[in-house]
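I have placed the structure first, in the form of structure tokens, so that the comments after it can refer back to it.
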Amino acid sequence: MYRFISLLLAFIFVITGCENNSISMVSGETEEQEAQLESEQSPNPQETEIIEEPQTPVKLFELSGAEDLAYSNFQKNFDLSHLKQLEPLSIAKIYVQAGIDEKYNLQYALYTDREELISWSKEEDEAIPKADRGTKEQQLKTFNNIDNGNFIQTSEYEGYIEYNPNPKEGNGKSGFQLVMNKDGIWQVSFMPIQ
């Protein structure tokens with residue numbers, strides 16, 4: 001066994017020694033010669049121009065004066081009367097802004113209060129880890145261009161905003177569902193993205 005280990009170590013020493021002497025086992029050329037061949041065959045990194053496509057930053061919309069006022073007032077006491085005069089698109093924008101601002105209790109307060117459509121409780125919502133809510137970048141990407149969407153009412157109290165979060169891609173449309181409560185105020189459907 002000692003003899004086997006000695007032979008193995010000798011073999012490793014010979015291979016390592018050959019590498020250190022700059023002799024290539026495959027071609028018989030020195031490392032200097034191989035490096036020179038490589039530099040002749042590949043373009044000079046200083047001469048290579050890397051062209052990157054410019055990345056268009058995803059910009060969040062701005063809330064209008066009325067939307068900003070409603071956002072500010074609603075977060076004080078979650079009184080739905082602050083949302084009474086707002087259109088469905090404005091409700092969606094306030095919901096998205098609350099998510100970007102990490103005001104998850106405000107987002108929850110925007111969900112429908114129709115008993116038959118409530119999917120989870122406020123306590124369950126508060127237990128959702130921040131990591132599971134998505135990053136700001138993910139939200140910006142998901143809701144990109146929602147402010148240019150069109151509201152389509154599908155029933156007396158339901159509808160959705162149809163929008164294209166990726167207008168350069170063409171027809172990748174998304175939908176954001178809303179529900180009108182019994183007082184005529186539009187609210188966000190639980191799991192609004194279609």
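The values are calculated or read from the model by the stated rules, or taken from the named source; none is laboratory data. Keep in mind that this is a model prediction, so the values were computed, not measured. When we count neighbours, we look across all protein chains shown, and the Cβ atoms used for this are built from the backbone with ideal geometry, even at glycine.
With the requirement that a residue be polar (S, T, N, Q) and either crowded, with 18+ Cβ neighbours inside 10 Å or within 19 Å of Leu140 (Cα to Cα) (or both), what does the range 164-194 give you?
Within the range 164-194, Asn164, Asn166, Asn171, Ser174, Gln177, Gln187, Ser189, Gln194 meet the criteria.
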Handout entry: the range 151-181, subset modelled with pLDDT under 95 and out of contact with any helix residue (DSSP H, G or I) (no Cβ under 9 Å at 6 or more places or on another chain), residue nearest to Asp113 (Cα to Cα)
Key = Lys173
Practice task
Would you check if there is a residue in the range 36-47 being surrounded by 14 or more Cβ atoms within 10 Å (Cβ to Cβ), outside the structural domain of Asp183 (by TED's automatic domain parsing) and at pLDDT below 95?
Solution key: no
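Within the range 144-194, can you find the residues that are among the aliphatic types (A, V, I, L, M) and assigned to a loop (DSSP other than H, G, I, E, B)?
Ile185, the sole residue that qualifies.
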Handout entry: Hits in the range 125-150 (condition: under 14 Å from the mean Cα position of the chain (by Cα) and of a type in the set (A, V, I, L, M))
Key = Ala131, Leu140
Practice task
Filter the range 153-163 down to residues that are surrounded by 14 or more Cβ atoms within 10 Å (Cβ to Cβ) and closer than 13 Å to Trp186 by Cβ and give me whichever is nearest to the chain's Cα centre (by Cα).
Solution key: Ile161
